[in-house]
1. Would you be able to tell me the number of residues in segment 12-52 that are of a type in the set (Asp, Glu) and under 25 Å from residue 95 (Cα atoms)?
2. For a quick check of your reading of the model, give me the residue pairs whose first member lies in segment 41-67 and is over 17 Å from residue 112 (Cα atoms) and without any contact (Cβ under 8 Å) to a residue 60 or more places away in the chain, whose second is open to solvent by less than 50 Å² (accessible area, probe 1.4 Å) and in a loop (DSSP other than H, G, I, E, B), with beta-carbon atoms closer than 6 Å and at least 6 apart or on different chains.
3. Out of everything in segment 111-153 that is in a loop (DSSP other than H, G, I, E, B) and among the hydrophobic types (A, V, I, L, M, F, W, C), what residue ends up being surrounded by the fewest Cβ atoms within 10 Å (Cβ to Cβ)?
4. Name the pairs whose Cβ atoms lie under 9 Å apart, with the first residue in segment 13-27 and without any contact (Cβ under 8 Å) to a residue 12 or more places away in the chain, the second loosely packed, with under 11 Cβ neighbours inside 10 Å, and 6 or more positions between them or separate chains?
5. Quick one: residue 96 ticks every box in (1) more than 19 Å from residue 41 (Cα to Cα); (2) among the hydroxyl-bearing types (Ser, Thr, Tyr); (3) in contact with a helix residue (DSSP H, G or I) (Cβ under 6 Å, 6 or more places away or on another chain) except a single one, so which number is it?
6. If residue 107 satisfies every condition in (1) in contact with a helix residue (DSSP H, G or I) (Cβ under 8 Å, 6 or more places away or on another chain); (2) assigned to a loop (DSSP other than H, G, I, E, B); (3) surrounded by 11 or more Cβ atoms within 10 Å (Cβ to Cβ) but one, which is the exception?
Amino acid sequence: MTEIKPQIVIEDYQGRHNKDIERSRDRILQGSTYKDLSTICIIPTRGTIPAKVVQSWWSLMSPMNQKFIRVFMIGMEVGDAYNAAIEMIINNPDLSKWKYILTLEEDNMPPPDGLLKLYEAINAPKDKGGPYDVVGALYWTKGEGGMPMIYGNIMDIPKNF
């Protein structure tokens, strides 16, 4: 028979995030989740979207208690779809006040924390180059040997990529 040693067992009443409150505070400040992060996600589509792509979109984390809406623009040329979506947003008394626009297309599969990382990048402190008005991503052509879709002359000023 195993001897039971006297001991006191108590649950962790302090909580994981309270143990290192400075670290928790820094995480929240870095993500700016306490600010207005209302986001409209514009998605132009020809009408058929692969299930794996939709799954990645639905896995996209957004901060709690923040407004997030998806707007599908179906059956339009991509440029026309974006123009129509922006016009609709500008003319909508509620949506025109939302802070951010995120664009996704049928071949974009962002990581689950991609939107949160965008918010962090947009709201980066001055010593890290921020804050920014626009944050984008490098887009690559498809297939083996894909090339970055950057156009322009690197020597041009201003940079015109």
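The values are calculated or read from the model by the stated rules, or taken from the named source; none is laboratory data. Fair warning: this is a prediction, and the values are worked out from it, not measured in the lab. Here the Cβ positions follow ideal geometry from the backbone for every residue, glycine too, while neighbour counts run over all protein chains shown. Surface areas here come from the heavy atoms of the whole protein model, side chains and all, with no ligands, DNA or RNA. Shrake-Rupley method; radii C 1.70, N 1.55, O 1.52, S 1.80 Å.
1. In the first step, residues of segment 12-52 are kept if they are of a type in the set (Asp, Glu); the result is 12, 20, 22, 26, 36.
Filter once more, keeping what is under 25 Å from residue 95 (Cα atoms): 36.
Of the residues in that region, 1 qualify.
2. 49/106; 67/38
3. Restricting attention to segment 111-153, the residues satisfying the condition of being in a loop (DSSP other than H, G, I, E, B) are 111-113, 123-125, 129-139, 141-147, 149-153.
Then drop every residue that is not among the hydrophobic types (A, V, I, L, M, F, W, C), which leaves 124, 134-135, 137-138, 147, 149-150.
On the way: 124: 16, 134: 6, 135: 16, 137: 10, 138: 8, 147: 9, 149: 10, 150: 12.
Top of the filtered list is 134.
4. From segment 13-27, the pairs are 17/23; 19/12; 24/16; 24/18.
5. (1)
6. All conditions are met except number (3).
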